[in-house]
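Take a look at the structure set out below.
Derivation of every value follows stated rules applied to the coordinates shown; laboratory data play no part. Computed from a predicted model, the values in this text were never measured in an experiment. Glycine gets a Cβ as well: all are built from the backbone with ideal geometry, and neighbour counts include every protein chain shown.
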């Protein structure tokens, strides 16, 4: 009987130990995250949030420009920012989607932009003077339509170039236009890419999708800058610099009064009243010394006098320094 009690206690201890192991295991699982080594996450949530902020500004500006360019109401929204492999990306895209490839120098590598036939058909119809009605979906582009598409894409990537100015100065460069994604790959099939998807509304009836695909090697060098904090701080610096340049550009044509001082002296009123032709007034300026040029009656530069094309002129030699 004692042996049976001992065995029973031993079984209870084993069950308690087993339940403890289970609870530890469950707790351990709660703090763990599954990781797929075949598809590693190279972009953090912060990176994706920063990309979303950049492209929200991009589509806001793009919608305004296209509304005037196409003479119709245009609305564009960012609907998702995801990371996936390039193979998954091209397999998810319909074969008839037009693929535009471009660069944002000095970022290394090519970037892909896809546009659904519904959007492109309306755009081309408006560019050709039509009312924006889709007549034929999924048809191949004519040579004229290809040229118009390239012109339209160059306008889009120029606006994208400005949006990326909050991260670093880039220069957009159109590379090629392809029908589908399999003919002109921009990276290897297993490479991680960031896919930014947009919903485009043209007028009241036409809806379509647009997307931009950034391979990881393109963004690798700027990942430290892809944070909402950096974008916010740098955007203020850029805005201040742009505002300063715009102000300077606007006031360039303003006229200012410029005078050159030959010298000065103190003279009594009686002497002024007695002045006659050929009288000589002695100034405090020596012949071998530089003169002073004034802008709006404020002394600004030292100058030396001369003659250019039979006209009296002065040459600026230095900025004026107040000796006092």
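Spacing of the modelled spin labels on residue 225 and residue 108, each 7 Å from Cα toward Cβ, amounts to 1.6 nm. Listing 160, 291 from fewest to most neighbouring C-beta atoms within 10 Å gives 291, 160.
Projecting label points 7 angstrom from Cα along Cα→Cβ for residue 142 and residue 60 puts them 4.0 nm apart.
Placing a pseudo-label 7 Å from each Cα along the Cα-to-Cβ vector at residue 45 and residue 182 gives an inter-label distance of 3.8 nm.
When you restrict to C-alpha pairs under 8 Å that are six or more residues apart and normalise by the size of the range 243-324, the relative contact order lands at 24 percent. Working ranking of peptides 268-275, 296-303, 314-321, 202-209 by packing, defined as the average number of other Cβ atoms within 10 Å per residue, highest first, is 202-209, 296-303, 314-321, 268-275.
Residue separation of residue 84 and residue 298 scaled by 0.36 nm, minus their Cα-Cα distance, works out to 70.7 nm of gained length.
Scoring 188-201, 115-128 by mean Cβ neighbours within 10 Å over their residues and listing the highest first yields 115-128, 188-201.
Short-range pairs are left out: with C-alpha atoms under 8 Å and at least six residues apart, the relative contact order of the range 45-246 is 34 percent. Put in order of Cβ neighbour count within 10 Å, fewest first, the listed residues 255, 173 become 255, 173. For the pair the range 123-196 and the range 73-106, the centres of their Cα atoms are 10 angstrom apart. With a Förster radius of 51 Å applied to the beta-carbon distance between residue 171 and residue 258, the computed FRET efficiency rounds to 0.85.
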